[in-house]
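Quick note: the coordinates plus some simple rules give every number you see, no bench work behind them. Given the structure is predicted, the values throughout are model-derived calculations rather than measurements.
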């Protein structure tokens with residue numbers, strides 16, 4: 001399994017397309033290294049295009065548990081708590097993910 005660099009994930013996040021966000025999200029799985037989780041968490045903060053934000057919202061409601069958790073962190077950092085609350089109320093993320101800052 002190939003481990004990617006922080007710059008790899010940042011470049012994808014800044015591209016901010018559905019495909020580039022999807023590429024990041026496919027790495028959030030049970031086989032991911034701790035280093036890569038930190039890279040992805042940091043890189044996702046660089047997502048700022050309309051398409052990228054909409055794709056993050058899609059994964060918040062339709063992704064795997066780990067993908068939803070990272071999306072909750074992303075939206076929390078953007079102070080978008082109504083969206084997070086909606087995901088929490090739907091049972092998609094737990095209270096720790098929903099309400100930690």
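When shorter helices are ignored and each DSSP H run of at least 4 residues is given -39500 (n - 2.57), the per-residue value for the chain at 222 nm works out to -20000 deg cm²/dmol. Remark: the Cα gyration tensor places the chain in the prolate category, a/c being 1.5 or greater and a/b exceeding b/c. Largest GNM mean-square fluctuation among 59, 74, 88, using the chain with Cα springs under 10 Å: 88.
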